[in-house]
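Worksheet for the structure shown next.
The values are calculated or read from the model by the stated rules, or taken from the named source; none is laboratory data. For clarity, every value in this text was computed on a predicted model and none was experimentally measured. All Cβ positions, even for glycine, are placed from backbone atoms using ideal geometry, and neighbour counts span all protein chains on display.
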Amino acid sequence: MNRKQLIILAATGVAMLVLGLLLGRILFAPHSNGTGNGHTDAESTAPAEDKAIWTCSMHPQIQQPEPGQCPICGMELIPLVNDDSEDEGPRRLTMSESAKALAEIETSPVVRAFPETEVRLVGMLDFDETRLKSLSARFPARIDELFVNYTGIRVEKGDHLAVIYSPDLLTAQRELLTALEYAPNGSAARVAREKLRLWDFQPDQIDAIVSSGEARDHVELRAPVGGIVVQKNVKEGDYVKTGDTLFRIADLTRLWLPLEAYESDLPWLRYGQKARFEVESFPGEQFEGRIVFIAPTLNTKTRTVGVRVEVSNSDGRLKPGMFARATVFSHIASGGRVIAPELAGKWIGPMHPEIVKDGPGKCDVCGMDLVPIESLGYVTEVDEAAPLLVPTSAVLRTGKRAVVYVAVPGRENPTYEGREITIGPRAGDVFLVLEGLREGERVVTNGAFKIDSALQILARPSMMSPSGGGPAPGHNHGAETVPDAGSELIGQPVAAVAPVLSTIEARNLLVPYFQLQEALAADDLAEAKSALNAMLEATGHTSRIADGLHDMLAADSLGGIRRPHFENLSNALASAVRANEAAFEGTFFVKHCPMVYPDRGADWLQAAEETNNPYFGTAMQSCGETTGTLGSSVLSHK
């Protein structure tokens with residue numbers, strides 16, 4: 001190996017220097033000896049010095065009898081001291097108390113409880129379609145005078161809308177008067193009166209015609225319902241024919257709030273469930289509604305399901321078109337079932353779930369028989385143990401595998417054991433655990449990634465290297481094949497691991513994404529997490545990528561953010577921009593680095609053309625090339 005190659009390898013090793021030093025202290029610092037062995041400190045130290053072996057924290061296959069530099073990467077060797085006082089399993093790692101403090105290891109107990117999940121949704125208030133009435137012409141007529149001459153006017157039932165002239169209406173009045181003259185109580189009179197009623201004549205209008213005994217050539221057209229005139233299709237002097245829509249009137253005392261829910265949120269949503277929401281006009285004030293509809297099909301473009309909330313608006317403060325942020329709270333039982341003890345014994349309308357009563361009966365809207373609330377998927381009484389829960393920050397996930405590190409009890413030094421578990425759905429900040437843990441065990445909630453990295457260095461089984469025995473994590477320069485975070489995804493199609501984003505989501509995410517990309521390229525963990533928080537805020541915590549963003553925030557190193565999460569995020573954004581480039585202002589550069597993964601490399605997006613590699617940061621910022629552009633024009637990006 002020539003000097004140039006050594007320099008390149010040494011530069012690459014800079015990115016791992018801090019982790020290497022930390023792991024060296026965790027893995028290779030001497031452990032305290034047990035008492036009662038009959039040896040003095042000097043006696044116990046001398047043999048250790050005679051048998052000292054020096055190794056590289058990045059390349060543990062290098063073992064030498066003397067200190068020096070690693071022949072592969074040039075890093076200083078550190079002493080390897082074997083501690084056989086405690087039996088280490090293949091997934092176990094023991095460290096000293098000082099090393100534990102340095103690694104900032106924190107643990108939390110596994111508990112049984114009924115968690116509460118919070119589903120965040122966004123939508124826009126709209127008219128209640130069942131309270132939207134059209135007033136149509138029942139006969140040919142001419143509009144001679146118009147009282148409702150602009151939209152937005154509030155009318156009450158019976159208010160005058162217009163004065164109309166119609167020969168057909170004049171004839172109908174004469175038919176009634178003639179029938180009353182010859183047979184006041186006859187069928188002809190009843191038919192003539194019913195004809196006028198069906199033409200939206202009010203009873204007092206018909207009585208006025210009868211009492212005057214004269215047919216009127218001009219008649220007032222009155223409102224059949226009260227509400228707001230939201231559509232006006234006529235002007236004074238217009239002729240209308242039978243069936244033409246004259247006005248549309250909306251009753252705004254009740255509104256609909258259409259929302260969009262992601263597939264992952266559907267297990268927590270039920271008919272009849274309450275939803276709270278806020279609008280910009282009344283900041284801090286909570287409004288409430290009830291879920292009355294969940295769409296039976298999925299929108300394949302947005303990967304969302306429509307959910308409709310019915311909202312009371314008797315005071316008229318809420319307006320159709322207002323943007324709303326809604327939250328649905330669900331208490332979860334084992335198996336991911338929704339608990340609603342407040343609905344115990346209730347009966348609900350199967351077609352109109354806004355109708356909830358204390359006992360059986362008929363629906364007030366359609367007359368159908370009410371059904372027990374449990375028939376819609378609720379659990380009102382829990383007669384079983386609460387589900388087992390583990391914090392989301394404790395779970396390391398890649399592909400279909402989930403690993404936690406459990407504190408081994410009764411050990412002289414802090415010892416942690418890796419364990420594969422089976423997790424159920426996510427409920428807020430916890431996962432439901434199906435298999436692999438017991439109540440009371442303590443799992444690592446901070447520092448798990450450091451423990452996993454240390455196991456990789458020792459070539460033991462870990463999350464990233466489940467079979468163990470592989471070389472240390474790092475970058476591949478062609479001399480060896482090195483596993484990296486997300487190696488299980490190598491070879492899989494991008495579509496299999498990248499979530500689908502809508503155009504609106506992608507537009508909201510681009511600016512914080514570029515901030516994240518620049519922070520990773522600069523090895524700035526704090527700025528990277530700030531950008532991730534901005535992305536969560538931009539999506540309202542409801543996007544399909546929210547879980548991935550939370551996982552990146554939970555990572556305690558840049559490596560935990562870079563692979564595979566940043567690649568998945570980059571692929572999702574690139575796909576969304578590519579699907580509708582005209583909707584995005586600016587040109588984005590598609591970059592590719594062939595050395596991120598040995599067999600395929602990885603892509604990312606940049607606002608600037610000069611390569612700034614987020615996967616390797618300052619160690620190899622210029623690694624990569626432009627493979628294409630996306631967008632519609634030159635981007636102005638700061």
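Before moving on, here are some points about what is shown:
- Test: residue in region 371-378 that is at pLDDT below 85, assigned to a strand (DSSP E or B) and crowded, with 21+ Cβ neighbours inside 10 Å: yes
- Restricting region 537-567 to residues that are under 10 Å from the mean Cα position of the chain (by Cα), in a loop (DSSP other than H, G, I, E, B) and not basic (Lys, Arg), the residue that is modelled with the highest pLDDT: Ile545
- Annotation: Ala407 fulfils all but one of (1) among the small types (Gly, Ala, Ser); (2) farther than 29 Å from Arg337 by Cβ; (3) touching a Leu at 6+ places or on another chain (Cβ under 7 Å); the unmet one is (3).
- Top-ranked residue of region 253-279 - restricted to ones that are surrounded by fewer than 21 Cβ atoms within 10 Å (Cβ to Cβ) and of a type in the set (A, V, I, L, M), ranked as nearest to Thr300 (Cα to Cα): Leu266
- The one condition in (1) over 29 Å from Ala579 (Cβ atoms); (2) out of contact with any Gly (no Cβ under 8 Å at 6 or more places or on another chain) that Asp265 fails to fulfil: (1)
- Pick from region 580-617, criterion in contact with a Cys (Cβ under 8 Å, 6 or more places away or on another chain) and modelled with pLDDT under 85, ranking: surrounded by the fewest Cβ atoms within 10 Å (Cβ to Cβ): Gly601
- Single unsatisfied condition, Glu567 versus (1) crowded, with 16+ Cβ neighbours inside 10 Å; (2) among the charged types (D, E, K, R); (3) in contact with a helix residue (DSSP H, G or I) (Cβ under 6 Å, 6 or more places away or on another chain): (3)
- Residues of region 89-115 classified as outside any loop (DSSP other than H, G, I, E, B) and either in contact with a Phe, Trp or Tyr (Cβ under 9 Å, 6 or more places away or on another chain) or in contact (Cβ under 8 Å) with a residue 12 or more places away in the chain (or both), total: 15
- When Lys362 is tested against (1) among the charged types (D, E, K, R); (2) over 25 Å from Glu280 (Cβ atoms); (3) buried (at least 17 other Cβ atoms within 10 Å of the Cβ), exactly one condition is not met: (3).
To keep it simple, each residue is scored yes or no on (1) basic (Lys, Arg); (2) buried (at least 20 other Cβ atoms within 10 Å of the Cβ); (3) at pLDDT 90 or above.
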{"residue": "Thr422", "(1), (2), (3)": "no, no, yes"}
{"residue": "Ala427", "(1), (2), (3)": "no, yes, no"}
{"residue": "Leu437", "(1), (2), (3)": "no, yes, yes"}
{"residue": "Ala448", "(1), (2), (3)": "no, yes, no"}
{"residue": "Ala454", "(1), (2), (3)": "no, yes, no"}
{"residue": "Ser467", "(1), (2), (3)": "no, no, no"}
{"residue": "Pro471", "(1), (2), (3)": "no, no, no"}
{"residue": "Glu480", "(1), (2), (3)": "no, no, no"}
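- Test result for Ala576, under 27 Å from Gly123 (Cβ atoms), at pLDDT 75 or above, in a helix (DSSP H, G or I) and small (Gly, Ala, Ser): yes
Each row is one residue, and each column tells you yes or no for (1) over 30 Å from Val148 (Cα atoms); (2) assigned by TED's automatic domain parsing to the domain that holds Pro372.
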residue	(1), (2)
Ala188	yes, no
Glu194	no, no
Ile209	no, no
His218	no, no
Val230	no, no
Gly237	no, no
Lys241	no, no
Gly284	yes, yes
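- Pairs with Cβ under 6 Å, 6+ apart, first in region 281-297 and part of a loop (DSSP other than H, G, I, E, B), second surrounded by fewer than 16 Cβ atoms within 10 Å (Cβ to Cβ): Gln286/Arg276
- Among the residues listed as Ala534, Ala495, the single one being outside any loop (DSSP other than H, G, I, E, B) and modelled with pLDDT of 80 or more: Ala534
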